[in-house]
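The values are calculated or read from the model by the stated rules, or taken from the named source; none is laboratory data. Only a predicted model underlies this, so the values are computations on that prediction, with no experimental measurement involved. Neighbour counts run over all protein chains shown; Cβ positions are idealised from the backbone, glycine included.
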Amino acid sequence: MHLPSHLARRAIDIEPFRVMAILAQARALEAQGRNIVHMEIGEPDFPTPAPIVAAGIAALQAGHTHYTPALGLPRLRAAIAAFYATRYGVTIAPDSVVITPGSSGALLLALSALLDPGDEVLLADPGYPCNRHFAHFLNGRAVALPVDATTQFQPTAAQIEAHWSHATRAVLLASPANPTGTMLPLSALREMQGIVAARGGMLIVDEIYHGLTYGGSAETALALGDDVFVINSFSKYFGMTGWRLGWLIAPEAYIEPIERLAQNIFLAASTPAQYAALAAFQPDTLAILEARRAEFEQRRDFLLPALRALGFAIPLIPEGAFYLYAGCEKFALPGEDLARVLLDEAGVAITPGVDFGRYRADQHVRFAYTTTLDQLEQGVARLATVLPRFA
Ligand SMILES: Cc1ncc(COP(=O)(O)O)c(C=O)c1O
């Protein structure tokens, strides 16, 4: 690829979010008439629930098309605080809620508030790739904590202690996590927060997959008190990926500087999206979301044993999100090549492990069950025709 003659180092160095490239390849094949089963996409296949859409349309018709305050619509900040009280029994101040363009905006704000050039943030490998790219973007450093099934694919307190350096400012966790779907109990979050706080750092917990849990509910890190950054979004559980709306909850002392960052970086989140999201916590919306959660659970319960039977190694049953992070050691190809072959020959799109880090990344691929049970069945049947050649 030919780069322009004047390009900043960070633009040269920033890695792509590879799953988007796979999606583009899959779409290109579809344009040629191929039928593709999509198991690469990290967003719900369901449309935004009707009450949210209706509230969005009403907001547009009512002329809510101007900027909101940089920290967000006060009514939405209050509604989010009220949701923590009803769903988790946790009291938070509406003033501690910052509305952002997706949790991507929240992650950027949190890391912008915490990292100076050269500062480090500790995070899981495998993990959501954009976080380490954000650190890089801010001239900070993402320090990988390699995780595997022995620790539920989550970092441990001992790892945090071992990797802490004079430059470490924060630890970023995700529960449930992408790509592994595993969760951290409150006891583990508490232990880690104690270690981080004792060293003068900050714990950031990405709770974007809250609500999409199968078996038990996820616990919010806000139950530990207000000395923590929590990130969440309307994208996944609420089915609003394209509306670009998320939130950040931060300790009070950080809110004013975060407001200045938000004013400068994006001014405010989308106004119609914020009005639409006011309908997200209504009982009729939550009933729709619960039915969808149950459907995701059914899909997981189909896909997990089916992939194991095909030879993929999935040592744990993930309790949340909509992903299966599968070991592909049994097949004679590294994950990236395997993903390419499966797209080309089976018409099944998946994501290679290298998108999520470096630790044993070649030996893994990620399946997303963000498509119908019918499609998943078809995908598995197609995989069964191609995989034996590589076993
Ligand atoms: C763990 C995690 N965090 C954050 C995001 C960003 O999502 P959004 O900006 O749509 O809220 C994603 C998206 O896939 C994710 O998986």
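Taking (1) modelled with pLDDT under 95; (2) over 17 Å from residue 360 (Cα atoms) in turn, residue 317 satisfies each apart from (1). The residues of region 198-215 that are more than 16 Å from the ligand (Cβ to nearest atom) and more than 29 Å from residue 288 (Cα to Cα), listed by number, are 198, 199, 200, 201, 202. Selection within region 247-261: residues that are farther than 15 Å from residue 204 by Cα and either within 16 Å of the ligand (Cβ to nearest atom) or among the charged types (D, E, K, R) (or both). The member of this set that is surrounded by the fewest Cβ atoms within 10 Å (Cβ to Cβ) is 256. Scan region 137-154 and tell me whether some residue there is within 15 Å of the ligand (Cβ to nearest atom), farther than 24 Å from residue 364 by Cα and in contact (Cβ under 8 Å) with a residue 24 or more places away in the chain. Looking for residues that are within 15 Å of the ligand (Cβ to nearest atom), farther than 24 Å from residue 364 by Cα and in contact (Cβ under 8 Å) with a residue 24 or more places away in the chain, one finds at least one in region 137-154, hence yes. Evaluate region 159-172: report whether one residue or more is within 14 Å of the ligand (Cβ to nearest atom) and either at negative phi or not assigned by TED's automatic domain parsing to the domain that holds residue 210 (or both). Scanning region 159-172 turns up at least one residue that is within 14 Å of the ligand (Cβ to nearest atom) and either at negative phi or not assigned by TED's automatic domain parsing to the domain that holds residue 210 (or both). Taken together, 106, 177, 124 contain a single residue that is farther than 22 Å from residue 353 by Cβ, under 17 Å from the mean Cα position of the chain (by Cα), within 16 Å of the ligand (Cβ to nearest atom) and assigned by TED's automatic domain parsing to the domain that holds residue 194, which is 106. Scanning region 88-103 for residues that are among the aliphatic types (A, V, I, L, M) and within 22 Å of the chain's Cα centre (by Cα), we see that the one that is farthest from the ligand (Cβ to nearest atom) is 97. Anything in region 125-154 that is among the aliphatic types (A, V, I, L, M) and out of contact with any helix residue (DSSP H, G or I) (no Cβ under 9 Å at 6 or more places or on another chain)? List them, or say none. Result: 149, single match. Residues in region 220-236 that are surrounded by 23 or more Cβ atoms within 10 Å (Cβ to Cβ) and either over 20 Å from residue 192 (Cα atoms) or not small (Gly, Ala, Ser) (or both): 220, 229, 230, 231, 232, 233, 234, 236.
Looking at residue 77 and the list (1) touching a Pro at 6+ places or on another chain (Cβ under 8 Å); (2) surrounded by 14 or more Cβ atoms within 10 Å (Cβ to Cβ); (3) modelled with pLDDT under 95, which single condition is not satisfied? In the conditions (1) touching a Pro at 6+ places or on another chain (Cβ under 8 Å); (2) surrounded by 14 or more Cβ atoms within 10 Å (Cβ to Cβ); (3) modelled with pLDDT under 95, residue 77 misses (3) alone.
If you filter region 18-57 down to residues that are among the β-branched types (Val, Ile, Thr) and farther than 21 Å from residue 291 by Cβ, you find that the one that is farthest from the ligand (Cβ to nearest atom) is 57. Could you list, ordered by first residue, the pairs with Cβ atoms under 6 Å in which the first is in region 216-235 and more than 14 Å from the ligand (Cβ to nearest atom) and the second is of a type in the set (Ser, Thr, Tyr) and in a helix (DSSP H, G or I), at least 6 apart or interchain? From region 216-235, the pairs are 220/88.
Taken together, the criteria exclude residue 253 from residues that are under 23 Å from the mean Cα position of the chain (by Cα) and of a type in the set (A, V, I, L, M, F, W, C).
For region 160-192, the set of residues classified as in a helix (DSSP H, G or I) and in contact (Cβ under 8 Å) with a residue 24 or more places away in the chain consists of 160, 161, 163, 186, 188, 189, 190, 191, 192, listed by residue number. Regarding residue 195, is this residue of a type in the set (Val, Ile, Thr), outside any loop (DSSP other than H, G, I, E, B) and within 11 Å of the ligand (Cβ to nearest atom)? Spelling it out, it is not the case that residue 195 is of a type in the set (Val, Ile, Thr), outside any loop (DSSP other than H, G, I, E, B) and within 11 Å of the ligand (Cβ to nearest atom). If you check residue 101 against the conditions, is it surrounded by fewer than 19 Cβ atoms within 10 Å (Cβ to Cβ) and either farther than 28 Å from residue 342 by Cβ or in contact with a helix residue (DSSP H, G or I) (Cβ under 7 Å, 6 or more places away or on another chain) (or both)? Here the answer is no, as residue 101 does not meet what is asked.
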